[in-house]
Structure formats: structure tokens, C-alpha cells
Amino acid sequence: MTDIKMKPSAEKRSIPLFIDCDTGVDDAMALLCAAKMKSFDLIGVAAVAGNVALDKTLPNTLNVLALAGRTDVPVYKGAYKPLVRPLVSAPHVHGLNGLGGVELDSSPRKEEPEPAWDALYNAAMEHEDLVLVAVGPLTNVAKAFIKYRELPKRLSKIVIMGGAAVGGNTTPCTEFNIVTDPEAADVVFNSGVPIVMCGLDVTLKAYLTGTELDELAKLGTPQAIFSYQSQQNALRYEMSKGLPGICLHDPAALFFAEDETMFTARKAGIRVETRGSITSGKTVTDLDSDKKMSYREHRVVLDINRDAFRERIFTLMRKYSET
Ligand code: BDR
Ligand code: CA
């Protein structure tokens, strides 16, 4: 009998991923998760000023990646301030060092000489299916889009954590990442390509309760213990605002980029208010209006299957006990 040669089953290729972040406590969780995702190949991470100043978000990014065992990932230095405004940060949520007061070992790796905006462009030129997940103020991304006009079209997917169709966490109608640099957000939403806005509409539902965070700590790995300890201040802050737990805003955006089936999203027009005396930094959508905007290819993420979200966090964090 002749041997029938079976073709080796085609291995699913990882998609190149670039993360832009202002490493505070939920950015750190997103990095720890991204570092263990098989579906993505984390090819670069850029730091921007936001939750705390750049002289903290940059080492935080390097050190969290080292904690994740991913010193192979290049880290790029981004903007130290928003495009036109002074930086207003959030140490009351993320702690003075941005990591809830937890001091991590210094990474042996240093940042690359290339600035964040050049790195993003070069990555997009090299990888035609590059996915961008931006979970801080959009300053670096806007600088890249301004410098390289063809860049937005080169990105296969852009998911941001930022904004809200309804409500706000910094003023009554604004979300932190957008209100910190509205001019940058305006550039990004006006770049002519679809943006996924994974904002407070969904991320306030992407939380772990205090008990679930305790469960996470019981995994006992340095990464799980860091996640538990670094989030305690933010957990207290968010519960004092009436939230049911700690919102993992930035992991939610990352998970949307990985697998949309956990989420509900709707197409919409989205514009950023940059001038209003009480609405500057608001993301205005046409979702519930009969007056539609001319560009309606953006998407607003509105809902999440929280059980699936929590399971994904635990599945990825359990991978640290497997190595
Ligand atoms: C967003 O702002 C930051 O404080 C968090 O890291 C998150 O990206 C939530 O509004
Ligand atoms: Ca962030």
C-alpha cells in the first residue's frame, strides 16, 4: 500500500502587534496579557506620558516587559507632553510611580534610539497586517500620523482605549486618555481610516471584583502578585466611585483586537471636541442621533461578556505558571 503523505496542518500565523501605552496599572496588565498571547506577535511597545510622566511610563514599560520575560520586545520613547497642552496625569489612581507604588526590578534592556512615531511607521512598512492597540493619550500616534500621511492606511486595525459615547471619568463628559490630549485624538479620528473606540461604555463593564483579584494573587507567580499589589490603590479609588471592582480598561481594548466575539460594537461617526469650555475632550458620536456624520466607519464598543473577559485574563495569567 502506498503511503499517503498528509500535508502538515497549516499553523495559524501570529499577527504583528504594536502597543502604545502610558504604563500605569491597567496598561501593565495589558502588557502582561499581550506577552502571552499566541495570536499576536508583540513586535514593539511605545511609551507616552499620561497616567504619570514619561520618565516613569518608559521605565515602567521596560520593567513590566522584563517581568513578563519579554526583554526581546523593543521599547520606544514617545512624547513627554500632549501636542499643545501641558500634561495632566493621574497619580491618584495609578500611584506616584504609575504602578501603585510597587517597585519592579530594572530591566536589563534599554529603550531603542528611534522615537515612537518613527518606530510605528517602520513597523507598519515592514508588516502589512500590523495591528495597533493604543491605550494611552494618542500623542505618539498623532505625531506618527502627522509625520507620515500614508501611515493610517498601512495599519490593518487600530483599537484605542479612550473616549465614551456616554459619560466620563475625568470630567462629566470626558475620558482620561482623550481629554489629556484632545488635539491628538482629533488627528487620529480624522485620519480617514476606521478606529475602534473601546471606551468607558464597555471598559466600565470589564472589571475584576476584589475577590477575583484575590483569586488572581493565589496563582502565586511574580506576575500575578504584582498584578494584585499594583492594583490595590486603583481598586480602592474605583470602589470609592461606586464601581463594582477594578476596571481593566486597557486589557479590554487588547482583547477586542484579538477576538471581537466577546464584545458588541456598533458603527458610528465619532468626532472629538477640542474647544468647548466644558466639553473639550469629549468624543461626540452620532449613535443615537438621526443626524449622522459624513464619515461613519468608526466603531464604538458598547458591551462585553464579562465572564469571558475574566476567563481570558485568568487563562493568560495562568500561562506564567507554565514556564
Ligand atoms: C484610561 O486612562 C488611564 O488612566 C488608564 O490606563 C486607561 O488607559 C482609562 O480612562
Ligand atoms: Ca492607559
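The values are calculated or read from the model by the stated rules, or taken from the named source; none is laboratory data. All figures in this text were calculated on a predicted structure; none of them were measured in a lab. Cβ: placed from backbone, ideal geometry, glycine included. Neighbour counts: every protein chain shown. SASA here: full protein model, heavy atoms, side chains in, ligands and nucleic acids out. Shrake-Rupley method; radii C 1.70, N 1.55, O 1.52, S 1.80 Å.
A few comments on the model shown:
- Restricting attention to region 67-90, the residues that are over 12 Å from K143 (Cα atoms) and among the small types (G, A, S) add up to 4.
- Residue selection: D129 fails the criterion of being within 16 Å of ligand 1 (Cβ to nearest atom) and among the charged types (D, E, K, R).
- Unique match (being touching a residue at least 12 places away in the same chain (Cβ under 8 Å), more than 26 Å from L58 (Cα to Cα), open to solvent by less than 30 Å² (accessible area, probe 1.4 Å) and within 16 Å of ligand 2 (Cβ to nearest atom)) among V196, V202: V202
- Filtered residues of region 281-311 (kept if touching a residue at least 60 places away in the same chain (Cβ under 8 Å) and either closer than 23 Å to E258 by Cα or in contact with a Phe, Trp or Tyr (Cβ under 7 Å, 6 or more places away or on another chain) (or both)): E297, H298, R299, V300, V301, L302, D303, I304, R306, F309, R310
- Region 97-112 residues that are on the phi < 0 side of the Ramachandran plot, paired with ones that are of a type in the set (A, V, I, L, M, F, W, C) and in a loop (DSSP other than H, G, I, E, B) (beta carbon under 8 Å, 6 or more apart): N97/V52
- Checked against (1) under 19 Å from N60 (Cβ atoms); (2) touching a Phe, Trp or Tyr at 6+ places or on another chain (Cβ under 6 Å), K110 passes all but condition (2).
- Taking strands (runs of 3 or more DSSP E) as the structural unit, those lying wholly within region 212-322 and holding at least 3 residues that are touching a Lys or Arg at 6+ places or on another chain (Cβ under 7 Å) correspond to 263-268, 298-304.
- Residues that are at negative phi, open to solvent by 10 Å² or more (accessible area, probe 1.4 Å), in contact with a Leu (Cβ under 8 Å, 6 or more places away or on another chain) and of a type in the set (A, V, I, L, M) are absent from region 134-148.
- Residues of region 165-193 satisfying the condition of being buried (at least 24 other Cβ atoms within 10 Å of the Cβ) and outside any helix (DSSP H, G or I): T174, E175, D181
- For region 118-143, the set of residues classified as in a strand (DSSP E or B) and within 16 Å of ligand 2 (Cβ to nearest atom) consists of L132, V133, A134, listed by residue number.
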